[in-house]
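Here the structure comes first, spelled out in structure tokens, and everything after it is commentary.
What follows draws every value from the coordinates through simple rules; no lab data is involved. Everything numeric here is computed off the predicted structure, so don't read it as measured data. In this analysis, Cβ positions are derived from the backbone assuming ideal geometry, glycine residues included, and neighbour counts consider all displayed protein chains.
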Amino acid sequence: MGQCCHSKPTEVVTFTESLSHPSAANGDSHVAIDQLAAGNKKFELEKIKLLLLGPGESGKSTIFKQMRILYGEPKSNDELRMYGVVVRSNIIVAIRKLCMLVRQLGLELKFREESQVTNGGMTRQQAYDEVISYLVDNHAMDPHPGTINQNDWVGHSNRVRPNINKEAQLFLQHVEAIRVLWESQDMKNVWKKRALENINDSHKDFLQDVTRISSPNYKPTDHDILICRIRTTQFTIERYMVNDLNFEVYDVGGQRGQRKQWIEVFEGVDAVIFVAALSEYDQNLSLNETNRVENRMIESLNLFQTVMQNRALKETSVLLFLNKKDIFEEKILYSDISAVAHFSDYNGPARDVDEGILYFIRKFQGRIIGDELGKAFIHVTCATDTTNMKFIFDSIGTIIMQSNIDDSYFFGTD
Ligand SMILES: Nc1nc2c(ncn2[C@@H]2O[C@H](COP(=O)(O)OP(=O)(O)OP(=O)(O)O)[C@@H](O)[C@H]2O)c(=O)[nH]1
Ligand SMILES: [Mg+2]
């Protein structure tokens, strides 16, 4: 069914690496500058400009991070520190939303009744009250000022906003209370309702691992980096060489307020990867983005249609990534597609992953009107899975080259 291809092993050379010629280090600056200019010119002539588009939280930056892991330079300590701060701040956001959900569901008494001392030397009631006072209602001030560990490897990062650094510090100060709350069965039950507060599905991995993440020696792993969440507010460009092809990749912010920037990067685009989260069929946009209740999958479908119809992208190949397959597979077991008002026409069997995916593929296909709109190719992806992404990246170059040569319209899946 698919048009996927198996290419030779990927040559891992980034553009910046290929320019760091020994002559530059030897002080032979003319040679180095000439080579740099020649390298830039060659790159400009041969590059494939690739844009990552799609709504907020669909996984664009995660795909961008995967390209860096697979084809780019290792992260610097400065970057690792930044991700460490973001991971810790993400945990505060998750536990705060979970406690708000406890209230919303009227379950506060369940947490306040329990007075048995846990392993952490704290009762669940104490843990709940601490988190509510310091992290949710902000009634109380930092209980342990001055206890910031100067030997903490992650520490503070100038690459992120002050409030993210502050949340990372709050995490270290309240880690015991967070751990006690997360370990309770009642909190696990609240977790099942996380979609109501738009809690990031992957952050369960962080909540389960707070001891490692709070250690002074903590350095984020690739997995931590891939699942941590930071909203994109400025577009970022990186250059890679994949299978002898030069890619210039653009990551842009996908939330509604960020999309006005998109037009700035449309010039000369060779290919678009449109990323939509398959798992969001039963979720609504956050109220920060809209003041009405709006379904996220409908938002993706509408945006996809707008991109396909954009005149500036008329000649551009479009690769549609139906992402978050892993979450979709888990969710479909308890959240029936036809129970969502927008998708009540789904008449396949409940809890069937393949039928569910096919149904949404057809929904996206239905948004392509007329064959003047370019070419599209669908992949079902899990952006946090490096092996899955490598397989897909290996095939992208060939798809783009082929679609540029062959004018015929194609829309396949793998
Ligand atoms: N489990 C799982 N999580 C994913 C997947 N793709 C992305 N995520 C997570 O979803 C969250 C949002 O992903 P991002 O890559 O930041 O989304 P984005 O499209 O760049 O969002 P904006 O920058 O707001 O436009 C992150 O925490 C990711 O780790 C996936 O396939 N599976
Ligand atoms: Mg992003």
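With both labels modelled 7 Å from their Cα along Cα-to-Cβ, the Asp78 to Arg292 distance reads 4.5 nm.
Give the order of Cys228, Cys382 when sorted by the count of other beta carbons within 10 angstrom, beginning with the fewest.
Lowest to highest Cβ neighbour count: Cys382, Cys228.
According to the Cα-based calculation, Rg over Rh for segment 77-227 is 0.95, with Rh computed by the Kirkwood formula.
Want the number for Leu105 to Thr387: 0.36 nm per residue separation, take away the alpha-carbon distance, what's left? Before the final figure, lay out each step's value.
Details: separation 282, 0.36 × 282 = 101.52 nm, distance 3.92 nm.
That works out to 97.6 nm of additional length.
For a straight C-alpha distance cut-off of 25 angstrom, the lysines reachable from Lys188 (same-chain residues fewer than eight places away being disregarded) are Lys97, Lys110, Lys204, Lys324, Lys325, Lys331. Sticking with the crude label model, points 7 Å out along Cα→Cβ, report the distance from Tyr334 to Leu196 in nm, one decimal please. Simple spin-label model gives 1.2 nm for this pair. Once backbone amide H atoms are built at 1.01 Å from N, Lys49 has Glu248, Asp270, Ala271 as its partners under 5 Å, excluding neighbours fewer than 5 places away on the same chain.
Relative protection proxy for 253-259, 103-109, from highest mean packing down: 253-259, 103-109 (other beta-carbon atoms within 10 angstrom).
Around the amide H of Ala277, modelled in the peptide plane, lie the amide H atoms of Asn323, all under 5 Å away and 5 or more residues distant in sequence or on another chain. Less than 5 angstrom separates the built amide H of Asn284 from those of Arg296, all sequence-distant by 5 or more or on a different chain. A simple rule links phi to the HN-Hα coupling: the Karplus curve 6.51 cos²θ - 1.76 cosθ + 1.60 with θ = phi - 60°, which for segment 247-253 gives 10, 10, 10, 10, 10, 10, x Hz, with x for Gly and Pro.
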